[in-house]
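Colleague: Below is one structure. I have some questions about it.
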Amino acid sequence: MFPFIFLGASIGLGITAILVAPSLVAEAGRAARPLAKGAAKTAMLGCRRMQAAVATTVEGVSDLLAEARHEIETPQKAVADQGSAATRARAAAAAAAAARRAAANG
């Protein structure tokens, strides 16, 4: 008789779980929604920051490559004669890069 009591109790608990589970799952879903939304917002903001950082890095590398290409293609004497012009060009490129970064970060 003793094992039958456990069997009856187990069946009763199983039936109760089947009847109550849908409402518990729905309630848990409603409670988890704000957490999921917060996680999604955090991930989106992180992606934006990462995009800005990558854009800044790419821009800096591109500027360096452009300067190196210019130095390779320009004869050394002309570079020495136009030192101040090269300085102005670098300053203008840096100002343009800063403006592009500011526009990208919006």
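Laboratory data are not the source of any read-out in this text; all were calculated from the coordinates shown. Quick caveat, the model's predicted, so the values are computed rather than measured. Note that we place each Cβ from the backbone using ideal geometry, even for glycine, and neighbour counts take in every protein chain shown.
Colleague: With θ set to phi - 60° and the Karplus curve 6.51 cos²θ - 1.76 cosθ + 1.60, what are the ³J(HN,Hα) couplings of the stretch 58-71 in order, to the nearest whole Hz, using x for Gly and Pro?
Modeller: Computed from phi, the couplings for the stretch 58-71 are 4, 5, x, 5, 4, 4, 4, 5, 5, 5, 5, 4, 4, 5 Hz.
Colleague: Please report Ile15, Ile72 as a ranked list, fewest other C-beta atoms within 10 angstrom at the top and most at the bottom.
Modeller: In increasing order of surrounding Cβ atoms, one gets Ile72, Ile15.
Colleague: Give me Glu67, Glu27, Glu73, Glu59 ranked fewest to most by other Cβ atoms within 10 Å of their Cβ, as a rough exposure proxy.
Modeller: Fewest-to-most Cβ neighbours within 10 Å comes out as Glu73, Glu27, Glu67, Glu59.
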